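Chemist: Let me begin by handing over the structure; questions about it come next.
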């Protein structure tokens, strides 16, 4: 699908308020192209949306290659909706599954 700017919304199935499985006070909020994870806005420059074998992956990135390592260690860098409709977020240091919050 190519690079999409920050203002472009994430796919509809990613939108909304989600909580981390086993940690109900940790949440992920996706509102259009804005992402808030663990109470902090994810600052990214562009996203790539990849659909393959029933999964939808959103990869977040920045244009500043000098700060790429820091970005990958301090932000979520990918969101994945599996063919089984599980939703996972991760970066180079962690991964977690989120489920839709009851609002």
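Just so it is clear, none of the values below were taken in a lab; they were calculated from the coordinates. If you're wondering where the values come from, they're calculated on a predicted model, not measured in any experiment. FYI the Cβ positions are ideal-geometry reconstructions off the backbone, even for glycines, and counts take in every protein chain you see.
Chemist: State, to one decimal in nm, how far the label point of residue 99 lies from the label point of residue 34, with both points 7 Å from Cα in the Cβ direction.
Modeler: Placing both labels 7 Å along Cα→Cβ, they lie 2.8 nm apart.
Chemist: While we're here: Calculated from DSSP H runs of 4 or more alone, at -39500 (n - 2.57) each and per residue, what is the 222 nm mean residue ellipticity of the chain, nearest 500?
Modeler: Result for the chain, helices only: -1500 deg cm²/dmol.
Chemist: Across 5 Å bins from the origin, how do the percents of Cα pairs in the range 3-100 run, short distances first?
Modeler: 3, 13, 26, 27, 20, 8, 2, 0
Chemist: So how do 81, 47, 93, 3 line up by other beta-carbon neighbours within 10 Å, fewest first?
Modeler: 93, 3, 81, 47
Chemist: Along the Cα→Cβ direction, 7 angstrom out, place labels at residue 86 and residue 43. What is the inter-label distance in nm?
Modeler: 3.3
Chemist: How do 38, 71 rank when sorted from fewest to most other Cβ atoms within 10 Å of their own Cβ?
Modeler: Fewest to most other Cβ atoms nearby, the residues stand as 38, 71.
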